[in-house]
Every structure is written in C-alpha cells, then in structure tokens.
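Working notes for the structure below.
The values are calculated or read from the model by the stated rules, or taken from the named source; none is laboratory data. All figures in this text were calculated on a predicted structure; none of them were measured in a lab. Cβ placement follows ideal geometry from the backbone for every residue including glycine, while neighbour counts extend to all protein chains displayed. Surface accessibility is based on the protein's heavy atoms, side chains included, excluding ligands, DNA and RNA. Shrake-Rupley method; radii C 1.70, N 1.55, O 1.52, S 1.80 Å.
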Amino acid sequence: MTIQEIFHQFIVGIKGTSLLEYIAVFSGIASVWYYKKENVLVYPVGLVNTIIYIYLSGKQHLFGEASVNFYYTVMSIYGWVLWAKKDQQQHHVVIITTSNIKEWIYQLLFFAVFYVAIFFALTYIKNSFGPGAIPWADAFASASAYTGMWLMTKKKVESWIWWITTNSASIPLYFVKGFVFTSVYYLVLLAMAVAGLTEWKNKYAENKKQRESLA
C-alpha cells in the first residue's frame with residue numbers, strides 16, 4: 001500500500017467515523033490523561049470509552065478487542081474501588097510501585113496464558129462466523145491489554161510498558177479494520193503512554209525518596 005493510498009483510506013475513514021466512535025476516542029484520551037495524573041477519575045471516564053468499544057468492536061468482528069473492553073469495564077469498577085480506598089490516616093492504600101523479577105515472571109505468564117487462550121478462541125470464531133477476526137494480532141493486542149489493565153489497578157509503573165505494547169499493536173489492527181479515527185486515537189495513546197511511563201517513574205522515585213527521609 002502506497003502513502004497516497006494510506007492517506008486516501010485515512011480521509012475516507014475519518015469521513016465515515018460515527019459519533020459514537022468520536023465520543024469513545026475523546027473519553028479514552030481523557031481517561032488516559034487522568035491515569036497519567038494518578039487521578040481516580042480515570043475509571044468513570046474510561047467506562048464511557050470501554051462500553052462504547054464493546055459495541056463497536058463486536059460490530060466489526062473484533063472479538064478480541066470486544067473481550068478486552070468487557071474486561072476493561074469489569075476491571076475499571078474494581079480499580080475504581082481500589083484506588084479510592086484509604087487507610088485510617090486517610091492515605092491511599094494503593095501507591096505507585098515497581099515490579100520485582102518474580103512479579104515480572106507472573107506478568108509474562110499472565111500474558112502468555114491469555115494470548116494462547118484468545119488466539120485459539122479467535123481462530124475458532126474466524127473459521128465459524130467471524131471472518132473479520134485476525135487471531136494472532138487480536139490475541140497479541142488483547143493479551144497485552146489484559147496484562148496492562150491488571151497492573152494498572154495495582155498502580156504498577158510497568159503497566160505503562162504493557163500499554164505501549166498494546167497501543168503499538170492496535171494502530172495497524174484498527175486501521176485495516178476500517179476504524180481509521182480509532183487508529184489515530186491509539187497513536188495518541190501511544191505517545192501518552194510513553195509520557196506516562198516517564199512521569200510515573202519520576203513519581204515513584206520522588207515517593208521513595210520521601211519515604212526514606214521519613215524512616
């Protein structure tokens with residue numbers, strides 16, 4: 001595909017973008033901004049995005065992405081409760097932390113299990129009634145998103161690495177499916193995820209320094 005053809009497909013896609021997709025995109029960007037700022041509003045705003053994308057993804061046979069957004073919806077409710085929880089001193093129970101080697105192994109196993117499960121499920125769906133599915137790509141984007149969302153509820157710095165992975169995979173995936181505006185949305189999210197990783201690394205370092213000074 002040439003640059004001219006890609007540009008033409010982009011223009012056609014933008015013109016064909018529905019109001020629902022616009023709402024989903026802008027609520028998603030707002031949600032990631034709140035996430036970057038470690039603000040609990042990431043969850044209620046994000047629910048608008050995930051519920052719309054369950055509908056849009058299912059409509060285009062992106063069953064892996066539909067399952068991801070259903071998972072996002074459930075985990076957003078869980079994360080909302082967890083992030084809002086405070087101890088007797090009114091300090092947030094969940095704080096920004098990093099993963100040790102053991103936790104990284106768990107994350108990779110978590111990803112691998114979901115990748116294999118989603119891949120085989122989507123292969124069956126593709127052969128049965130969902131020809132629009134792309135099993136290996138859907139499974140990769142979905143499994144990395146599952147992992148990122150799980151770590152997000154725990155405020156792990158590494159959650160941003162998984163979001164960078166997810167967003168990178170989703171850009172071409174949505175483009176070839178005709179969701180051009182959503183593809184651009186994931187490009188914006190990719191840039192925000194890189195910035196978020198840097199910001200959370202700095203926050204973790206500052207918080208660690210403060211705790212050590214009080215010890």
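Using only Cα atoms, find the angle between the long axis of helix 159-176 and the longest principal axis of the chain, and express it within 0 to 90 degrees, rounded to the nearest 10.
The angle comes out near 10 degrees.
Mind checking which aspartates and glutamates have their C-alpha under 19 Å from K155, skipping anything on the same chain fewer than 8 residues away?
Partners found: E38, D87, E103, E199, E206.
In Å², what does the accessible area per residue of the stretch 53-191 work out to with a 1.4 Å probe? If you can, show how the numbers build up before the last one.
On the way: 6580 Å² over 139 residues.
I get 47 Å² per residue for this part.
How much length would be gained if the chain were fully extended between I105 and K208, taking 0.36 nm per residue of separation minus their Cα-Cα distance, in nm to one decimal? Present the calculation step by step, with values, prior to reporting the outcome.
On the way: separation 103, 0.36 × 103 = 37.08 nm, distance 2.36 nm.
Working it through step by step, the gained length comes to 34.7 nm.
Relative to the longest principal axis of the chain, what angle (0 to 90°, nearest 10) does the C-alpha long axis of helix 101-128 take?
Helix 101-128 sits roughly 20 degrees off the main axis of the chain.
What is the local net charge at S57, summed over the other residues whose Cβ is closer than 15 Å to its Cβ (Lys, Arg +1; Asp, Glu -1)?
0
For a Förster distance of 25 Å, can you work out the FRET efficiency between the beta-carbons of N127 and T73, rounded to the nearest 0.05? Numbers along the way, then the final one.
Numbers: r = 28 Å, r/R0 = 1.11.
Between N127 and T73 the formula returns 0.35.
Take the cross-link list K102/K209; K37/K208; K15/K37; K59/K102 and give me the ones stretching past 28 Å between alpha-carbons.
Details: K102/K209 24 Å; K37/K208 18 Å; K15/K37 33 Å; K59/K102 39 Å.
Beyond 28 Å: K15/K37; K59/K102.
If I model a spin label as a point 7 Å beyond the Cα along the Cα-Cβ vector, how far apart are those points for V113 and T97 in nm?
Computed distance between label sites V113 and T97 equals 1.9 nm.
Would you work out what percent of the accessible area of the stretch 26-150, with all protein chains in place, is carbon or sulfur (probe 1.4 Å)?
Result for the stretch 26-150: 72 percent of the exposed heavy-atom area is carbon or sulfur.
How big is the Kirkwood radius of the chain, worked out from every pair of different alpha carbons and given in Å to one decimal? Before the final figure, lay out each step's value.
Values: mean 1/r = 0.0553 Å⁻¹.
Its Kirkwood hydrodynamic radius stands at 18.1 Å.
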